[in-house]
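The values are calculated or read from the model by the stated rules, or taken from the named source; none is laboratory data. Quick caveat: nothing in here was measured; it's all calculated off a predicted structure. Here Cβ is always computed from backbone atoms with ideal geometry, including for glycine, and neighbour counts include all displayed protein chains.
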Amino acid sequence: MSDFNERESEEFGEDNENYITLTDDDGKDISFEILDTIEYQERIFAVLLPFEDTEDEVVILEVIPAEDPEYDDFVSVEDEELLNAVFEEFKKKNEGEFDFD
């Protein structure tokens, strides 16, 4: 998946504040549910579930903060070990909240 360098502002209503739409490098908009944010090694990662994913696989992107949080950058993580470590932290933090089998 491409890097997500730009956050598109989209209204989902007050009850749906955990949803965002990101635009990838190809200009394609992809909507996600934000499951959690994980701080790991002084970096912030977002654990996202794509709306259109039928396999229930999450996407983990690094969050690069901007002055205005509405325009934070979301960047793909290429390091497989780092992805696994962040996912393990997510599982520990959300034990009992999600089915990880």
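Name every residue in the stretch 34-56 that is outside any loop (DSSP other than H, G, I, E, B) and farther than 19 Å from D99 by Cβ, in order of residue number.
Step one: filter the stretch 34-56 for residues outside any loop (DSSP other than H, G, I, E, B), giving 34-40, 43-50.
Across the stretch 34-56, the qualifying residues are T37, E39, Y40, R43, I44, F45, A46.
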Within the group F100, F87, which residue is aromatic (F, W, Y) and in a loop (DSSP other than H, G, I, E, B)?
F100
If you check F87 against the conditions, is it among the hydrophobic types (A, V, I, L, M, F, W, C) and touching a residue at least 60 places away in the same chain (Cβ under 8 Å)?
no
Write out, first by first residue and then by second, each pair whose Cβ atoms fall under 8 Å of each other, whose residues are 6+ apart or on separate chains, and whose first residue, in the stretch 18-38, is without any contact (Cβ under 8 Å) to a residue 60 or more places away in the chain and exposed (fewer than 13 other Cβ atoms within 10 Å of the Cβ) while the second is of a type in the set (D, E, K, R) and in a strand (DSSP E or B).
D29/E8
Can you run down the residue pairs with Cβ atoms below 6 Å, 6 or more apart or on separate chains, where the first is in the stretch 45-74 and free of Cβ contacts under 8 Å to residues at least 40 places away in the same chain and the partner is among the aliphatic types (A, V, I, L, M) and assigned to a helix (DSSP H, G or I)?
I60/L83; I60/V86
Can you confirm whether the stretch 57-78 contains a residue that is surrounded by 12 or more Cβ atoms within 10 Å (Cβ to Cβ), at pLDDT below 95, polar (S, T, N, Q) and not in a loop (DSSP other than H, G, I, E, B)?
yes
Which condition number does D15 fail, the rest of (1) in a loop (DSSP other than H, G, I, E, B); (2) more than 13 Å from the chain's Cα centre (by Cα); (3) modelled with pLDDT under 85 being met?
(1)
